[in-house]
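S.K.: This is the structure, below, for whatever I ask next.
Coordinate-derived values only; no laboratory data. Here the structure is a predicted model, which means the values were calculated and not measured. Cβ: placed from backbone, ideal geometry, glycine included. Neighbour counts: every protein chain shown.
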Amino acid sequence: MSNVPVAVVTGSNKGIGFAIVRALCKQFPGDVYLTARDPGRGQKAVAKLQEEGLCALFHQLDIDDLQSIRALRDFLKEKYGGLNVLVNNVGIAFKVHDTTPFAVQAEVTLKTNFFGTRNVCTELLPLVKPYGKVVNVSSMVSSSALGGCSRELQQKFRSNTITEDELVELMTKFVEDTKKSVHEKEGWPNTAYGVSKIGVTVLSRIQARMLNEKRKGDHILLNACCPGWVRTDMAGPQATKSPDEGAETPVYLALLPSDADGPHGQFLSNKTVRTW
Ligand code: NAP
């Protein structure tokens with residue numbers, strides 16, 4: 001078993017994830033795994049970094065596929081006895097003018113952004129080693145979507161006692177409510193991406209609390225963040241930040257020094273803790 005520290009970035013064959021891997025290759029003292037659902041796209045991305053003189057390793061990972069997540073888990077357990085840095089970067093968004101019915105957009109978006117990310121956490125968080133870092137890439141849209149929720153929902157999502165099961169129940173209810181076309185009446189905002197990212201931010205707050213309760217002595221720091229508005233296939237060419245600039249906050253959180261006792265359980269943008 002290797003004692004080399006190891007970092008894993010989900011959805012990193014392009015966009016912000018790719019830029020996070022690029023930065024980690026330069027700054028992280030260990031093995032850096034670029035992961036992709038499609039091995040061809042993943043290997044191509046690794047080769048692109050190689051041309052820049054950077055050495056990333058590759059492992060397949062489709063966060064919609066539990067078997068794929070478990071294969072990565074078993075690989076990390078066997079080869080490294082765990083992992084040191086996990087960046088949950090995968091995210092999808094329908095384009096504004098997409099005509100796919102809203103209920104379908106809700107189901108598909110929540111499946112990857114919330115349920116897929118949660119499945120990765122369920123399988124990989126127990127493997128995170130002492131002084132490890134976990135970064136969940138959310139969005140400022142989670143804050144604006146929170147503001148668009150009913151007062152009752154806002155209270156639940158800001159609660160310091162909400163459980164993971166209760167959050168899963170709420171995210172499931174959103175999808176069901178969209179199918180019955182009652183989501184607005186039930187206090188939800190009209191954004192599937194926004195609700196999925198509320199899920200990611202609140203999940204991060206819950207997971208950080210669980211780490212405090214169950215693994216206090218392990219000094220693991222877990223946070224959610226927004227990369228900013230970044231020129232990628234998701235956000236388009238008008239966005240203000242380059243992918244490398246978008247990677248800055250996630251990389252800052254992934255490389256917090258081992259004597260840092262925070263941030264932990266926070267939501268950050270531009271390396272600054274934001275009020276939730
Ligand atoms: P992007 O360019 O569309 O890249 C998304 C990455 O996720 C791609 O590598 C994609 O792989 C991968 N992916 C999608 N579904 C996957 C799955 N089921 N399993 C594994 N990989 C999967 O998006 P981005 O702009 O870099 O976004 C990265 C993160 O930042 C997302 O969480 C996004 O919500 C967040 N964010 C972005 C912005 C922005 O302005 N861009 C703003 C706020 C937050 P394929 O190539 O196979 O599709």
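S.K.: Separation of region 34-101 and region 115-175 by C-alpha centroid, Å?
M.R.: First find each Cα centre; the distance between them is then 21 Å.
S.K.: Ok, one more. Quickly rank 193-203, 118-128 as a protection proxy: mean count of other C-beta atoms within 10 Å, highest first.
M.R.: Going by the mean number of other Cβ atoms within 10 Å, highest first, we get 193-203, 118-128.
S.K.: Can you tell me the length gained on complete extension of the stretch Lys48 to Phe94, counting 0.36 nm per residue apart and subtracting the Cα distance?
M.R.: Contour length minus the Cα-Cα distance gives 13.8 nm.
S.K.: From zero outward in steps of 5 Å, how is the percent of C-alpha pairs of region 37-117 spread across the bins?
M.R.: So the P(r) values, bin by bin, are 3, 12, 16, 19, 19, 14, 9, 5, 2, 0.
S.K.: Another question, then. Going by a ≥ b ≥ c, the root eigenvalues of the Cα gyration tensor, does region 130-263 fall in the rounded group (a/c under 1.5), the prolate group (a/b larger than b/c) or the oblate group?
M.R.: oblate
S.K.: Here's a follow-up. Give the order of Arg41, Arg158 when sorted by the count of other beta carbons within 10 angstrom, beginning with the fewest.
M.R.: So the residues, fewest neighbours to most, are Arg41, Arg158.
S.K.: Projecting each Cα onto the charge dipole of the chain (Lys/Arg +1, Asp/Glu -1 at the beta carbon, about the Cα centre), which of Phe267, Val4, Thr112 comes out farthest on the positive side?
M.R.: The residue sitting most towards the positive pole is Phe267.
S.K.: While we're here: Considering only DSSP beta bridges with both partners in the chain, what is the antiparallel share in %, to the nearest 5?
M.R.: Rounded to the nearest five, the antiparallel share is 10 percent.
S.K.: Simple spin-label model, 7 Å along Cα-to-Cβ: Gln67 to Cys55 in nm?
M.R.: Placing both labels 7 Å along Cα→Cβ, they lie 3.3 nm apart.
S.K.: Summing +1 for each Lys or Arg and -1 for each Asp or Glu, what net charge is found among the other residues whose Cβ lies under 13 Å from the Cβ of Thr275?
M.R.: Every neighbour counted, the sum reads +3.
S.K.: Here is a follow-up. Each label point is 7 Å from the Cα along the Cα-to-Cβ direction; what then is the distance between the points at Val182 and Asp233, in nm?
M.R.: Taking the simple label geometry, Val182 and Asp233 are separated by 3.8 nm.
S.K.: While we're on this one: Once you sort the root eigenvalues of the Cα gyration tensor of region 34-82 as a ≥ b ≥ c, which label holds: rounded (a/c under 1.5), prolate (a/b larger than b/c) or oblate (the other case)?
M.R.: oblate
S.K.: If you don't mind, there's one more thing I want to ask. For every helix of n ≥ 4 consecutive DSSP H residues, a contribution of -39,500 (n - 2.57) applies; sum these over the chain, divide by its total residues, and give [θ] at 222 nm rounded to the nearest 500 deg cm²/dmol.
M.R.: Here the helix-only value at 222 nm equals -13500 deg cm²/dmol.
S.K.: Shifting gears a bit: Seen from all sides and averaged, what is the projected area of the convex hull of the Cα atoms in region 197-276, in nm²?
M.R.: Mean orientational projected area (region 197-276, Cα hull): 5.7 nm².
S.K.: Sort Met140, Met210 by Cβ crowding within 10 Å, fewest neighbours at the top.
M.R.: Ranking Met140, Met210 by Cβ neighbours within 10 Å, fewest first, gives Met210, Met140.
S.K.: Oh, and also: Across region 59-217, how large is the tail of the calculated P(r) beyond 23 Å, expressed as a percent of all Cα pairs?
M.R.: Of the Cα pairs, 39 percent sit more than 23 Å apart.
S.K.: Could you give P(r) for the chain, binned at 10 Å from zero, as whole percent values over all Cα-Cα pairs?
M.R.: 7, 31, 38, 20, 4, 0
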